[in-house]
Amino acid sequence: AMLDGMLKKGSINGGKNPLRNGEKFYAAAFLAVGMFEYQVNRLTPEFVKDFEQYMNEAFIHEYKRSGVPQLRTVPIEQAVAHENIVATYDDVKQIIETRKPITVAPCICRKAKKLIGEGCDNISETCLQFGTAAYMYKENGLGREITKEEALAILKKGEEAGLVLQPGNSQKPGWICMCCGCCCEVITTAKKLENPGEVYSTNHISSIDQGTCTGCETCVNRCPMEALQLDVDGKARVNPKRCIGCGVCVPACPESAIKLVKRGDEKVPPENNLDMYMRIMEGKAKALQKEREQAT
């Protein structure tokens with residue numbers, strides 16, 4: 001009864017898992033992605049403000065602590081449509097094609113911002129869940145089941161709106177977030193760092209043809225991480241420490257002067273969500289041990 005109550009409040013993961021003959025399960029949930037997202041139907045201004053305070057004061061330390069982020073960035077399709085540089089696990093269409101069932105839920109970050117009089121007018125239903133996560137969202141009334149075709153249509157709208165694609169950091173992610181630079185708690189928090197491009201798990205970086213660039217600043221205004229700026233010659237330059245390889249700047253350039261290139265050593269994501277969470281916990285344990293040793 002206690003676990004069912006915690007599940008109803010969105011404090012833990014759980015529900016009936018059809019992948020295991022309907023067996024009911026319970027599991028610990030991270031705060032984000034996790035408990036925060038499960039409040040999508042019960043947000044209050046007070047909760048939103050308390051959560052933002054935590055994000056600003058403590059989250060980024062914990063986010064960096066393990067060395068294994070819970071989210072990663074994959075390029076939008078328009079940024080790599082003509083380039084053979086994307087591994088299967090970085091191909092968002094391939095992820096949608098191979099994962100089922102699929103559910104969609106409102107973006108809790110945009111919903112939260114609007115609740116406190118902030119935010120933007122980007123499309124609301126942009127959070128996709130797959131597999132066990134989709135079953136959980138549907139069973140607990142957090143999202144609705146959709147077809148693969150509907151998911152691809154939502155993906156297209158998100159890309160056209162310049163949203164950043166952030167799946168879970170595994171080869172078989174349980175979700176994909178489509179995030180804006182003004183509302184997403186992870187992006188807005190990471191933006192405050194000097195080196196978000198080095199903290200994010202990403203395999204790509206923007207590259208600008210200086211001969212073609214006209215300095216129109218379209219990409220500068222579009223970048224969610226403030227990774228682009230004009231140099232003294234009036235040409236756009238990429239700050240590799242800030243670029244997260246999302247690719248939203250690529251289709252925005254009227255001169256087609258920007259493309260995505262490989263960032264160097266390939267970052268192969270964990271095989272599945274369990275592997276990801278185990279790596280995160282191992283990383284945190286090592287970091288905690290190191291902190292204790294330094295304190296003595």
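Worth pointing out:
Okay, residues lined up against (1) at pLDDT 85 or above; (2) farther than 24 Å from Leu128 by Cβ:
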site: Asn17; (1), (2): no, no
site: Glu37; (1), (2): yes, no
site: Lys49; (1), (2): yes, yes
site: Tyr54; (1), (2): yes, yes
site: Ala58; (1), (2): no, yes
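- Verdict on Lys100 being surrounded by 13 or more Cβ atoms within 10 Å (Cβ to Cβ), among the basic types (Lys, Arg), touching a residue at least 12 places away in the same chain (Cβ under 8 Å) and assigned to a strand (DSSP E or B): no
- Qualifying position, being outside any loop (DSSP other than H, G, I, E, B) and under 25 Å from Lys172 (Cβ atoms), among Asp265, Asp275: Asp275
- Every residue from region 106-121 that is surrounded by fewer than 17 Cβ atoms within 10 Å (Cβ to Cβ) and either on the phi > 0 side of the Ramachandran plot or among the acidic types (Asp, Glu) (or both): Gly117, Glu118, Asp121
- Complete set of residues in region 139-149 that are aliphatic (A, V, I, L, M) and either in a helix (DSSP H, G or I) or closer than 21 Å to Gln70 by Cβ (or both): Leu142
- Qualifying positions in region 198-250 - touching a residue at least 24 places away in the same chain (Cβ under 8 Å), of a type in the set (S, T, N, Q), in contact with a helix residue (DSSP H, G or I) (Cβ under 9 Å, 6 or more places away or on another chain) and not in a loop (DSSP other than H, G, I, E, B): Ser206
- Residues considered: Asn195, Asn272. Of these, the only one that is surrounded by fewer than 20 Cβ atoms within 10 Å (Cβ to Cβ), closer than 22 Å to Val164 by Cβ, of a type outside the set (D, E, K, R) and in contact (Cβ under 8 Å) with a residue 24 or more places away in the chain is Asn195.
- Of all residues making up region 278-290, the number that are in contact with a Pro (Cβ under 8 Å, 6 or more places away or on another chain) and over 21 Å from Pro173 (Cβ atoms): 0
- Complete set of residues in region 150-197 that are in a helix (DSSP H, G or I) and either among the aliphatic types (A, V, I, L, M) or modelled with pLDDT of 95 or more (or both): Glu150, Ala151, Leu152, Ala153, Ile154, Leu155, Val186, Ile187, Ala190
The values are calculated or read from the model by the stated rules, or taken from the named source; none is laboratory data. Predicted model, so just to flag it, every value in this text is computed and none were measured. No Cβ is skipped: glycine too gets one built from the backbone with ideal geometry, and neighbour counts run over all protein chains shown.
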